[in-house]
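Just below is one structure, and these are the notes that go with it.
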Amino acid sequence: MWTELQLDRGRVTLSALNRGAAEGDVSLGFETPDLEVYAASILPTDGMVVEKFVTEDYESVRLVSRDGTEFLIDKRIAGPPLPDQAVTSIRAVWVTSDVSRTAADLESLGLRRRLTQVNGRTVDLRAAEGDVLVHTSDGGPSGADVAVDVTDIQAAHKALMGADIAHDVIDETHGRTLQVPLPGGGDRTLWIAEEDEDPVGVIRH
């Protein structure tokens, strides 16, 4: 059982626990209008695994990146028309031991590099819908997470308050972020942020 939420840019699929998954686990996923055409166009980097993944219900392309992260590319399900100006956007977060290599893996799949921190800790890439932030794991394990970008953080704060959703407001040097506790307990949170229009220490591509 699953349900898919459409934001102005990008989607999030919420799924019932299965196959040994734990509450709050996050997996990367991408969609394409034509799976066969896209699969034929992929030029994988050395060491990346690209293969068909077929079940009784659907067919996907399965990828294993060079840091061992696995994810699927599915055929896109048609959704409602999208607005010209995105107010809310999904930002997948890929935590990895090798930021440069992982960014190259994503570029081989068709994503476009948008921002690179000069210290090499993060690379921001853009897909047709949604973005992926590749972030250093600082020696920890590789994995995935998800965040939401908004154009008006104050409006998002008021909307959460109006819906009686508990959240923390964090004031940082680069702006304000909101942290919403995720279901299931523990310390996992959903980060909501307003993009810094004039970031320091980054290269724009």
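Treating only the Cβ of Lys, Arg, Asp and Glu as charged (+1, +1, -1, -1), what charge dipole size does the chain show about its Cα centre? Round to the nearest 20 debye. If you can, show how the numbers build up before the last one.
Numbers: 19 positive and 36 negative charges, 61 e Å.
Roughly 300 debye, rounded to the nearest 20.
Using DSSP to call loops (not H, G, I, E or B), can you name the GluC sites (Glu not before Pro) in the stretch 155-205 whose Cβ has at most 13 other Cβ atoms within 10 angstrom?
Details: sites: E172, E194, E195, E197; in loops: E195, E197.
Answer by residue number: E197.
Counting residues in the chain as N, plug N into 2.2 N^0.38 Å and put the Cα Rg over that result. Working shown, then result.
Details: Rg = 17.3 Å, N = 205, 2.2 N^0.38 = 16.6 Å.
The reported ratio for this selection is 1.04.
For the stretch 88-204, I need the span (max minus min coordinate) of the C-alpha atoms along each principal axis, in Å, sorted largest to smallest.
Reported extents, whole Å, longest axis first: 42, 32, 28.
Where the Cα atoms of the stretch 1-85 are projected onto their three principal axes, how long is each span, largest first, in whole Å?
37, 34, 27
Report the local net charge at Q179: Lys and Arg +1, Asp and Glu -1, summed over other residues whose C-beta lies under 15 Å from its C-beta.
Around Q179, the surrounding residues sum to -4.
Mind jotting down the distance between the C-alpha centroids of the stretch 13-48 and the stretch 134-204, whole Å?
Measuring centre to centre over Cα atoms gives 23 Å.
Where a number appears in this text, it was derived from the coordinates with a stated rule and is not lab data. Every value quoted in this text rests on a predicted model; they were computed, and no experiment measured them. Reconstructed Cβ throughout: ideal geometry from the backbone, glycine too, with neighbour counts over all protein chains shown.
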